[in-house]
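The values are calculated or read from the model by the stated rules, or taken from the named source; none is laboratory data. Note that the structure is predicted; figures quoted are calculated from it, not measured. Cβ coordinates were reconstructed from backbone atoms using ideal geometry, including for glycine residues, and neighbour counts include every protein chain displayed. Please note that ligands, DNA and RNA were not included when accessible areas were found on the heavy atoms of the full protein model with its side chains. Shrake-Rupley method; radii C 1.70, N 1.55, O 1.52, S 1.80 Å.
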Amino acid sequence: MERAELVIEGARVIDGSGAPERRADVAVEAERIAAVGELAGWRANERIDAAGLVLAPGFIDVHTHDDGALLRTPDLPFKLSQGVTTVIAGNCGISLAPLPEGAPLPAPLNLLGGPDDFRYPTVESYRRALGAAGHGVNVALLVGHSCLRVAALGEDLERAAPPGALTAMQVALELALDQGAIGLSSGLDYPPALAAPPEELVALASVLRGHARAVYTTHMRDESDGVVESVRETLETGRQAGARVVISHHKCAGPKNFGRSVETLAMIDAARRHQPVALDVYPYTASSTALLPRFLRDPAMVLVSWSDSHPEAGGRRLDAIAADWGCSPLEAIERLDPAGAVYFQMDEDDLRRILAHPAAMVGSDGLPGRRLPHPRLWGSFPRVLARYVREQGLLDLPTAVHKMTGLSAETFGLEGRGLVREGHAADLVLFDPETVADRAGFEDPEQPAAGIARVFVNGVEAWRDGQATGRRAGRFLTH
Ligand SMILES: [Zn+2]
């Protein structure tokens, strides 16, 4: 007779490939899925009756800034509570490693932590620290282009990297990839990288060619008036470097640009006939990042999330703060620095169009570790399942799950993950499709989702009935 540690019985299995659901039992043994099918005859140490619940691969959050949070709050409740079992860290050009200790930390590097957090000159040292502390979800790391720049150029970032520095950045990237990083990310809309010309990115992304499944993800140079030119630059970088590209948190920001996703997605479709291109998106029409003068459009649409110099400003609108202080919004931004904010600046139709695109994956872009984070940190995955599947019918459930699992694992080269399939890692989530919902709002953002029953990471139960179990079975994933 066959036996397993765990058999989950009678679930509505959505396997992550996009295929329709089917009723099946799933056996878990030694961190892996041992069998999928009719397993009534199997013996098991534990059986879970999953009637009425959906069993899916654990969700993969392809766009995170959890690098530091994995060490500070290793259970990662804001991710496990959504059914997330793997996070891709190091997005938007910023990663906790590699960066020499004592290096300057210009915004947005400070979104990841302070000088006490940046202690990892190599990916290997970061990986060792993670291993020593243990962590509740799997993690794969991208190397931040802005960190490579800071390491090579110091404070003098308003220039293209000269040849010697560019070679040093290539060598550092190569070493990081050898030590297990899965690709390169850039944040070309942020001060440390504004002066980096396209050729600099091509030279770095070309390093990825020696690493078969490596990816280049990019927070593009301009997500508002210049979004079309930015998509063009991104596709061209990928083409010249021979690299797989992922456009990060794709959006068309600012009322003037509403509707332009028709154009950007058509460009992506055309490119996909010749080169690998994908994108990620979070299900909100507000963005969030550092509070910087260059991101200011309408101060009435900016909600300050946190400010180190004026903590009392958290949760208030920028126009109200400026009015109270009797100063201009730009001056208020200066006084609030360093600070973070939420920007209400996207169109629902663009969001729906982007989310429905066949190459679009769900990524939260959540920013942990601060008061009043954008609710995407706790709500992205259940919000897609509640709002865009159950309520609006924009996606069917197997398609939505595919965008959170199989497509993500395939795009980022995470072999043996993202599918409910014999031999795959037992990263699993059990949820109720009738009640699953995000509960995090802009005023009360640190709320776990409803309807996520149980979450397993490498076969170990990590979340149950609204709480982390404290059993940390996450792995550092490499190619
Ligand atoms: Zn970004």
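At 15 angstrom or more along the helix axis (alpha-carbon based) and mean Kyte-Doolittle of 0.5 or higher, what helices does the chain contain? Whole DSSP H runs only.
Helices meeting the span and hydropathy rule in the chain are 163-178, 261-272.
Keeping all protein chains in place, calculate the accessible area per residue for the chain (probe 1.4 angstrom), answer in Å².
About 36 Å² of surface per residue is accessible.
Suppose we keep just the alpha-carbon trace of the chain; what are its Rg and Dmax in angstrom?
21.6, 78
Express in whole angstrom the spacing between the alpha-carbon centres of the range 56-116 and the range 428-446.
21 Å
Determine the relative contact order of the chain: mean sequence separation of Cα pairs under 8 Å and six or more apart, normalised by residue count, in whole percent.
It rounds to 21 percent for the chain.
Just reorder Arg417, Arg352, Arg23 by solvent-accessible area, largest first, 1.4 Å probe, all chains present.
The ranking, largest first, comes out as Arg23, Arg352, Arg417.
What is the distance in Å between the Cα centres of the range 226-301 and the range 117-170?
Comparing the Cα centres of the range 226-301 and the range 117-170, I get a distance of 24 Å.
Per residue, how much space in cubic angstrom lies within the convex hull of the C-alpha atoms of the range 160-308?
It is 137 Å³ per residue.
Based on alpha-carbon atoms only, what is the radius of gyration of the range 393-479 relative to the globular estimate 2.2 N^0.38 Å?
Ratio of Rg to 2.2 N^0.38 Å for the range 393-479: 1.20.
Show which lysines lie in cross-link reach of Lys79 when reach means a straight Cα distance below 26 angstrom and same-chain residues fewer than eight apart are skipped.
Lys251, Lys403
Give me the distance in nm between label points sitting 7 Å out from Cα along the Cα-to-Cβ direction at Gln240 and Arg297, one decimal.
Spacing of the two 7 Å Cα→Cβ label points: 2.8 nm.
On the protein heavy atoms, probe 1.4 angstrom, tell me the percent of accessible surface of the chain carried by carbon and sulfur.
Carbon-and-sulfur percentage of accessible area, whole number: 49.
Hey, if you drop one equal point scatterer on each alpha-carbon of the range 149-247 and run the Debye formula without solvent, what base-10 log of I(q)/I(0) do you get at q = 0.12, 0.13, 0.17, 0.21 Å⁻¹?
-0.35, -0.42, -0.72, -1.10
Let me know the Kirkwood hydrodynamic radius for the range 15-118, please, with Cα pairs as the basis and the value in Å to one decimal.
17.1 Å
I'd like the projected area of the range 293-343, averaged over all directions, using the convex hull of its alpha carbons. Report it in nm² with one decimal.
If I average the Cα hull's projected area over directions, I get 2.8 nm².
Pop a pseudo-label 7 angstrom from the Cα along the beta-carbon direction at both Gln392 and Ala129 and give the gap in nm to one decimal.
Here the modelled spin labels are 3.9 nm apart.
Loop-only GluC sites (Glu not before Pro) in the range 431-479, please: DSSP not H, G, I, E or B, and at most 10 other Cβ atoms within 10 Å.
Here the sparse-neighbourhood loop sites are Glu443.
Pairs of alpha-carbon atoms within less than 8 angstrom and 6+ residues apart define the contacts here; what relative contact order does the range 336-479 have, in percent?
20 percent
Arg3 to Ser328: FRET efficiency via 1/(1 + (r/R0)^6), r the Cβ-Cβ distance, R0 60 Å, to the nearest 0.05?
Efficiency at R0 = 60 Å is approximately 0.30.
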